[in-house]
Amino acid sequence: MSDLELSKIGQKMMNKVGVRAIMHDIQEVLNSNPSKYINLSAGNPTLLPEVYKMWEDSLRNILNNGELENMVSKYGSSYGTYELIDCIREYFYNNYDVKLERENILITSGSQNLFFLALNSFCGTNDKSDLKRALIPMLPDYAGYSGVALEKNIIGGFLLLSQK
């Protein structure tokens, strides 16, 4: 990698900050004695048998119906599949009486990716050179997200302390 010159953002991404630091620490503890610890940390660490079964059945149906080729080797809509988007629209309408348009739904690869996209899309320096910042709670684990901002000084945090 010595021949490549990273941009400022590339250099920042090489550092172990935020989520990367937290996940590294968790993995070190878990690797030190795997039978002693149960991962109840940030993210989606636990396996729920019912959810696992649902995913297993869904994947089996995809394989049995010959849909895997379309999923892994062909481009679809850049917004996601209409079937999934329409299921989400229907869910929100049936459960919350909220009517959403397809354009109002964003599907990402996970909550950390969504946070990265939302933070960097709506915060930072705009065309008028105004800096928009995000104010987030620092507990329970949002401090780990501090490294996802592409610009400096975007994230501010606060602690909620109860007084009795």
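Details
- In the set (1) over 27 Å from ASN153 (Cα atoms); (2) out of contact with any Leu (no Cβ under 7 Å at 6 or more places or on another chain), GLY110 fails one condition alone, (1).
- Qualifying residue in the range 67-88 (condition: surrounded by fewer than 10 Cβ atoms within 10 Å (Cβ to Cβ), at positive phi and not charged (D, E, K, R)): no
Conditions tested, residue by residue: (1) part of a helix (DSSP H, G or I); (2) closer than 30 Å to LEU150 by Cβ.
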residue	(1), (2)
PRO34	no, no
GLY80	no, yes
VAL98	no, no
LEU117	yes, yes
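- Qualifying residue in the range 42-60 (condition: closer than 30 Å to LEU150 by Cβ, at pLDDT 90 or above, part of a loop (DSSP other than H, G, I, E, B) and open to solvent by less than 90 Å² (accessible area, probe 1.4 Å)): no
- Odd one out for SER109 among (1) part of a helix (DSSP H, G or I); (2) surrounded by fewer than 10 Cβ atoms within 10 Å (Cβ to Cβ); (3) among the hydroxyl-bearing types (Ser, Thr, Tyr); (4) at pLDDT below 90: (1)
The values are calculated or read from the model by the stated rules, or taken from the named source; none is laboratory data. Note that the structure is predicted; figures quoted are calculated from it, not measured. Positions of Cβ are backbone-derived with ideal geometry, glycine not excepted, and every protein chain shown enters the neighbour counts. What goes into the accessible areas is simple: the full protein's heavy atoms, side chains included, and nothing from ligands, DNA or RNA. Shrake-Rupley method; radii C 1.70, N 1.55, O 1.52, S 1.80 Å.
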